[in-house]
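So the structure is just underneath, and the comments pick up after that.
The values are calculated or read from the model by the stated rules, or taken from the named source; none is laboratory data. These figures come from a predicted structure and were not determined experimentally. In this analysis, Cβ positions are derived from the backbone assuming ideal geometry, glycine residues included, and neighbour counts consider all displayed protein chains.
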Ligand code: DQA
């Protein structure tokens, strides 16, 4: 089980950035679909974008569904929002749907590719029904868009 130190109060300017299976291989994995940037590159982009809005990013990647569920639970009452690229879990991991449903705050579903323009099995997202919105198909720029969306949803510093 993943253990995360939890504070007693929610940090209104802290966002959890979650990545699911195979996204640790970004940069090497199907670059024609996902681009050549690594996961570290994307996390850096997210951190830079978030910093401009006075938001801190806590990033985590796992290839294991339960680890992601644990991490979402640990964000409850501690993080203000979640940005999640669940990878293939997007399409069938109802435990991630349920964990996100128990999170009180904005949730942005993020994909590098546009799953709706790909194979039919990618057209279903079990995360979308519990997300505030979905950003997909914009490649690396999606990270800037996702963090800007979170900042917009949280409101300016000091007003949340
Ligand atoms: C993905 C799309 C998913 O369908 C796929 O399984 C991934 C990556 C994306 O970012 O485009 O692993 O989430």
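Numbers below:
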quantity	calculated
Residues of segment 77-95 satisfying the condition of being free of Cβ contacts under 8 Å to residues at least 60 places away in the same chain, more than 12 Å from the ligand (Cβ to nearest atom) and either more than 15 Å from residue 62 (Cβ to Cβ) or surrounded by 19 or more Cβ atoms within 10 Å (Cβ to Cβ) (or both)	94
Which listed residue, of 102, 74, 56, is surrounded by fewer than 22 Cβ atoms within 10 Å (Cβ to Cβ), within 20 Å of residue 148 (Cβ to Cβ) and away from the ligand (no atom under 16 Å from the Cβ)	56
Top-ranked residue in segment 131-158 [being in a loop (DSSP other than H, G, I, E, B) and surrounded by 13 or more Cβ atoms within 10 Å (Cβ to Cβ); ranked as nearest to the chain's Cα centre (by Cα)]	131
Of residues in segment 132-157 being closer than 18 Å to residue 72 by Cα and free of Cβ contacts under 8 Å to residues at least 40 places away in the same chain, the one nearest to the ligand (Cβ to nearest atom)	134
Some residue of segment 116-130 being more than 15 Å from the ligand (Cβ to nearest atom), assigned to a loop (DSSP other than H, G, I, E, B) and touching a strand residue (DSSP E or B) at 6+ places or on another chain (Cβ under 9 Å)	no
Any chance residue 100 is closer than 22 Å to residue 36 by Cα and assigned to a helix (DSSP H, G or I)	no
Among (1) surrounded by 15 or more Cβ atoms within 10 Å (Cβ to Cβ); (2) in contact with a strand residue (DSSP E or B) (Cβ under 8 Å, 6 or more places away or on another chain), the one test that residue 69 misses	(2)
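Quick grid of which residues meet (1) surrounded by 16 or more Cβ atoms within 10 Å (Cβ to Cβ); (2) over 23 Å from residue 89 (Cα atoms); (3) modelled with pLDDT of 95 or more; (4) within 13 Å of the ligand (Cβ to nearest atom):
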site	(1), (2), (3), (4)
1	no, no, no, no
9	no, yes, no, no
26	yes, no, yes, yes
40	no, no, yes, no
44	no, yes, yes, no
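Let's see how each residue does on (1) modelled with pLDDT of 95 or more; (2) in contact with a helix residue (DSSP H, G or I) (Cβ under 6 Å, 6 or more places away or on another chain); (3) part of a strand (DSSP E or B):
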site	(1), (2), (3)
88	yes, no, no
96	yes, yes, no
108	yes, yes, yes
113	yes, yes, no
